[in-house]
Amino acid sequence: MALSKKLEDAINEQINKELYSAYLYLSMSAYAEAEGLPGFATWMRIQAQEEVGHAMRLFDFVNNRGGRVVLKAIEMPPPVWKSPLKVFEQVLEHEQKVTGLINRLYELALNENDYATQMELQWFVTEQVEEEDSAGQVVEQLRRVGDQPMGLHMLDKELGQRQAGAAAEAAE
Ligand SMILES: [Fe+2]
Ligand SMILES: [Fe+2]
């Protein structure tokens, strides 16, 4: 069964949103680098790679279903934030927004009786639970740290431990 035009358009839109997510996190990585927070920068850079993996999953899915991928312009992300806490509050807010987009896409796949798309999107539904959870945890940690430089330094070290690899999995 070929992808409906409606679903094809909606998934193309989601590819754009995933690439914007990558762009947003790369901008946060650059900001963290400039602020002398290399651990935050590493975390964000890996997060950006994961988002490219999400885009590529959908890219491959559209192609495999005989659809046509059409790439659109990617919006400019903000270049600066007021604090590391503000950065992670935006990560959480952004991921909550993306969860809403995935849910709406799933609803569309249900309405179109497209079971293969529903299956593909189930991976994203699960992934969004993880994304919101990990962003929420860092927000909590940053709130506890407050403005203690030592606490921020420790958290930066911890975030810098994040390993790439989940991105490779996501791109499979
Ligand atoms: Fe994503
Ligand atoms: Fe995400």
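The values are calculated or read from the model by the stated rules, or taken from the named source; none is laboratory data. What you are looking at is a predicted structure, and each value in this text was computed from that prediction instead of being measured. Please note: Cβ atoms are built from the backbone with ideal geometry, for glycine as well, and neighbour counts cover all protein chains shown. SASA here: full protein model, heavy atoms, side chains in, ligands and nucleic acids out. Shrake-Rupley method; radii C 1.70, N 1.55, O 1.52, S 1.80 Å.
Rolling a 1.4 Å probe across the protein heavy atoms gives the chain an accessible surface of 54 Å² per residue. Extension gain, R143-E13: 0.36 nm per intervening residue step, less the Cα-Cα distance, totals 43.4 nm. Full extension of the chain segment joining L110 with Q122 gains 3.1 nm, where the gain is 0.36 nm per residue of separation less the Cα-Cα distance.
Each residue, V129 and A2, gets one label point 7 Å from its Cα in the Cβ direction; the gap between the two is 3.6 nm. Of the residues I11, I74, the one with the largest accessible area comes first in the ranking I74, I11, computed with a 1.4 Å probe on protein heavy atoms. Counting protein heavy atoms only, segment 1-43 has 58 percent of its accessible area on carbon and sulfur, 1.4 angstrom probe.
If you average 1/r over every pair of different alpha-carbon atoms in segment 51-145 and take one over that average, what Kirkwood value in Å do you get? Evaluated over segment 51-145, this radius sits at 15.2 Å. Taking 7 Å steps out from each Cα toward its Cβ at R162 and A34 produces label points 2.0 nm apart. Normalised by residue count, the chain yields a Cα convex hull volume of 96 Å³ per residue.
Between the C-alpha center of segment 85-139 and that of segment 10-62 there is a gap of 14 Å. Measuring r between the beta carbons of N103 and M76 and using R0 = 25 Å, the FRET efficiency lands at 0.45. Overall, the chain carries a charge dipole of about 340 debye about its Cα centre when +1 sits on the Cβ of Lys and Arg and -1 on the Cβ of Asp and Glu, all other atoms neutral. Counting only lysines at least 8 places from K82 when in the same chain, those with an alpha carbon closer than 23 Å to its own are K97, K157. Multiplying the residue separation of N63 and K86 by 0.36 nm and subtracting their alpha-carbon distance yields 4.5 nm. Placing K72, K6 in order of accessible area, with the largest value first and a 1.4 Å probe, yields K6, K72. With all protein chains in place and a 1.4 Å probe, the accessible surface of segment 66-172 carries 55 percent carbon and sulfur.
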